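As structure tokens, the structure follows; a few thoughts come after it.
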Amino acid sequence: MKIKLFSYNRLDTPIHRLSGITKLITFLFLTFAVMFSYDIRVIIAVMIFALILLRVSKIKFSQIKVMMIYVLIFLVTNAIITFFFAPEYGVEIYGTRHEILKIFGRYNLTREQLFYQTTKFFKYASVIPFGIIFLLTTDPSEFAASLSGMGISYKVSYAVALTLRYFPDIQRDYQDISQAQQARGLEISKKASLLNRFKNALLIIVPLIFSTIERIELISNAMDLRGFGKFKTRTWYKKKKLKKQDYLAIIVSVLIFIITILISVFINKSRFYNPFI
Amino acid sequence: MKKYFEVNTKTIVATGLGAAIFTILFMFIKVPSPIPETSLQTAYGLSAFFAVVFGPIAGGLISFIGHALSDAVQYGSPWWSWVIASGVSGFIFGFAYKRTRVEDGEFKLTDIVTFNVIQIIGNAIAWLIVAPILDILIYAEPANLVFTQGAIATVMNSISAGVIGTLLLIAYAGTRTKKGSLSKK
């Protein structure tokens, strides 16, 4: 159950060479573009762009297999419960009704619903490659520098840096505690009843938190002694200067974002692309 | 009011490490529920505890960073509406900071009630209002679906924050020196 938080590997691709700030900004613009649009043509175009980038950044399928399975499970359950809760939502959005299949009661499959749910499926799926590229090509130590470079307070950025730095340590603590408790006969698998699982989870959480509280004292004293937070700004060892290709990448992502909005405003006149009228 | 939003080195470190535990609990220690896409997240017990001990800024950031990070690791991209709602819930839990006597080594009935009232208000605002509305605005999900999910999340997270948060606070109060525990002879 060991998850490496950022399974970052140092490669030399155009994506890896971009600075962390660039990757964070482009990631946000591109995901917001697909989040906003419900136009399947835009979504598919962005998705193809994302897959090309995935190719360029030389990410292997084995690196993202587990994630893909999680995402697929999420998308399928989301599709099922959307249909279960709102089988007529597509009709409501697109304003027409073409029935394909009668199932039972109010659960009739319409072309509008099918179109809405397909769009939604691709909409959510198309964001994933961007997240993967961002996570796997950004040096974790550079991440805090990028956050602060975007204008976020350096104290908050430093908290994020601490999270990334101490995640493996705390994960190791968690495993030690969990195995020690299991050696004493604690059952945390599906065999135990729900109430027992809840109680047993607590027996792992309590020592984990109290050992962390001690660690917090220790680290904050060490940081105070080194004068952390004395000044309003700070510099970052890992910060990269923005180069020509960084500005290019930012411009491309902003353009994609603007085009998406313009298509919605002027061509579709709403967030949805309606092929039924 | 100012002391609520004070940020010192300890707040920063608590936020960083708290978010790391939040991420781990969020991914590994959850008790599944029969309703799809929801589960009893023990992580909210942790964010409630840290919010009471370290204040609203720490509480809000812990759940925001922790949720965003675990979403990113598991699904490749954060589900922004719920990540923001998580942050809001942690922030509101923080209003129990300095309202209880936990730092004085006491966490009795009145403190437990104060904490739980604030905690339930926080969860209700985050999951019944913020999360569904953002889901509709950002992702255009069907309203009845997101409000049902929100209601379930409110109940589940209130249980998690209430039970785990209260127990952690009682245990933590035990480690603090009691006020007036020294007397002159």
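The values are calculated or read from the model by the stated rules, or taken from the named source; none is laboratory data. Note that the structure is a prediction, hence the values are computed from the model and not measured. Don't worry about glycine lacking a Cβ; one is built from the backbone with ideal geometry, like all the others, and counts go over all protein chains shown.
Being on the phi > 0 side of the Ramachandran plot and either surrounded by fewer than 20 Cβ atoms within 10 Å (Cβ to Cβ) or within 13 Å of chain B (Cβ to nearest Cβ) (or both) is the requirement here; does A:Gly90 meet it?
Taking the combined requirement at face value, the residue does not satisfy it.
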Discussion item. Restricting to segment A:112-170, and then to whatever is outside any helix (DSSP H, G or I) and β-branched (Val, Ile, Thr), can you tell me which residue is nearest to A:Ile219 (Cα to Cα)?
Written reply: A:Ile152
Worksheet entry | Only listed residue being out of contact with any strand residue (DSSP E or B) (no Cβ under 9 Å at 6 or more places or on another chain), under 30 Å from A:Thr13 (Cα atoms) and either hydroxyl-bearing (Ser, Thr, Tyr) or not assigned by TED's automatic domain parsing to the domain that holds A:Lys60 (or both), chosen from A:Ala144, A:Ala222 | A:Ala144
Worksheet item: Taking the stated definitions as given, is A:Lys58 part of a helix (DSSP H, G or I), of a type in the set (D, E, K, R) and touching a residue at least 24 places away in the same chain (Cβ under 8 Å)?
Response: no
Worksheet item: Under the condition of being more than 7 Å from chain A (Cβ to nearest Cβ) and not hydroxyl-bearing (Ser, Thr, Tyr), which residue from segment B:29-39 is surrounded by the most Cβ atoms within 10 Å (Cβ to Cβ)?
Response: B:Lys30
Practice prompt. Would you be able to say whether some residue in segment A:107-121 is under 24 Å from B:Gln74 (Cα atoms), more than 9 Å from chain B (Cβ to nearest Cβ) and under 19 Å from the mean Cα position of the chain (by Cα)?
Written response: yes
Discussion item. Give me the residue from segment A:61-85 that is loosely packed, with under 12 Cβ neighbours inside 10 Å and either outside any helix (DSSP H, G or I) or away from chain B (no Cβ under 11 Å) (or both) and, out of that set, nearest to the chain's Cα centre (by Cα).
Written reply: A:Lys65
Worksheet item: Here is a list of conditions, (1) in the same structural domain as A:Thr26 (by TED's automatic domain parsing); (2) over 29 Å from the mean Cα position of the chain (by Cα), and A:Ile259 meets all of them except one; can you say which number that is?
Response: (2)
Practice prompt. May I ask you to say which residue of B:Ser70, B:Ser86, B:Ser63 is more than 14 Å from every other protein chain (Cβ to nearest Cβ), part of a helix (DSSP H, G or I) and polar (S, T, N, Q)?
Written response: B:Ser86
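Mind checking whether some residue in segment A:35-42 is within 15 Å of the chain's Cα centre (by Cα), of a type outside the set (A, V, I, L, M), more than 10 Å from chain B (Cβ to nearest Cβ) and buried (at least 22 other Cβ atoms within 10 Å of the Cβ)?
So far as segment A:35-42 goes, no, none of its residues is within 15 Å of the chain's Cα centre (by Cα), of a type outside the set (A, V, I, L, M), more than 10 Å from chain B (Cβ to nearest Cβ) and buried (at least 22 other Cβ atoms within 10 Å of the Cβ).
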Discussion item. Suppose the filter is farther than 24 Å from B:Arg176 by Cβ and either without any contact (Cβ under 8 Å) to a residue 12 or more places away in the chain or of a type outside the set (A, V, I, L, M) (or both); does B:Asp111 pass it?
Written reply: no
Practice prompt. For residues that are assigned to a helix (DSSP H, G or I) and either away from chain A (no Cβ under 14 Å) or under 18 Å from the mean Cα position of the chain (by Cα) (or both), tally how many sit in segment B:73-83.
Written response: 4
Discussion item. Residue pairs, Cβ under 7 Å, 6 or more apart or interchain, first in segment B:1-28 and more than 8 Å from every other protein chain (Cβ to nearest Cβ) and within 14 Å of B:Phe64 (Cα to Cα), second modelled with pLDDT of 85 or more and outside any helix (DSSP H, G or I). List them.
Written reply: B:Phe26/B:Gln41
Worksheet entry | Restricting segment A:207-247 to residues that are β-branched (Val, Ile, Thr) and within 14 Å of chain B (Cβ to nearest Cβ), the residue that is surrounded by the fewest Cβ atoms within 10 Å (Cβ to Cβ) | A:Ile213
Worksheet item: Taking the condition of a type in the set (Val, Ile, Thr), in the same structural domain as A:Ile69 (by TED's automatic domain parsing), under 25 Å from B:Tyr75 (Cβ atoms) and surrounded by 14 or more Cβ atoms within 10 Å (Cβ to Cβ), does A:Ile132 pass?
Response: yes
Discussion item. Against the condition in contact (Cβ under 8 Å) with a residue 60 or more places away in the chain, more than 10 Å from chain B (Cβ to nearest Cβ) and in a helix (DSSP H, G or I), how does A:Ile15 come out, does it pass?
Written reply: yes
